[in-house]
1. If each DSSP helix of 4+ residues adds -39,500 (n - 2.57) and the sum is divided by the residues in the chain, what number results at 222 nm, nearest 500 deg cm²/dmol?
2. Residue by residue, what Karplus-based ³J(HN,Hα) values in Hz, rounded to whole numbers, does region 46-61 have, using 6.51, -1.76 and 1.60 with θ = phi - 60° and x for Gly and Pro?
3. Could you tell me the convex hull volume per residue, in Å³, taken over the Cα atoms of region 24-92?
4. Report the full-extension gain for the segment residue 6 to residue 99: residue separation times 0.36 nm, less the Cα-Cα distance, to one decimal in nm.
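Each value in this text was obtained by applying a stated rule to the coordinates, not by laboratory testing. On a predicted model such as this, the values are computed, not experimentally measured, just so you know.
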Amino acid sequence: MNMNRIFENINEYYSPKIVAEVNDSYVKVAKFKGEFLEHSHEQSDEMFLVLKGSIDLICNGKSNKLNEMDSFVVKKGEFHKPFAKDEAWVLMVEYKDTLHTGNLMTELTKSIEEQK
């Protein structure tokens, strides 16, 4: 798969797209820009890898700056809130049954089918 082509076809921010399956997890990509909602995943960790740009990942009130090719693992149950001043391209890995908005169901929540 070519990440540049995949990202060229993403038109919404914070709307993940599943690009692969690895064992019990999905590999997802999304464009980030602006602020996303604070949420947690009670049953699983989530890994972020910034492919382009930079993001701030606020975890339990502490800001973590991630630049291109930086990664960070949010441990299960930790509240986190991504923010990107400018557009960023991000790869995430999380269990297949994990909603990208955690336990929150909002207008931003995308079902697994919508992410394919």
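1. Rounded to the nearest 500, it is -1500 deg cm²/dmol.
2. 9, 9, 10, 9, 7, 8, 8, x, 8, 9, 10, 10, 8, 10, 6, x
3. That works out to 73 Å³ per residue.
4. 31.4 nm
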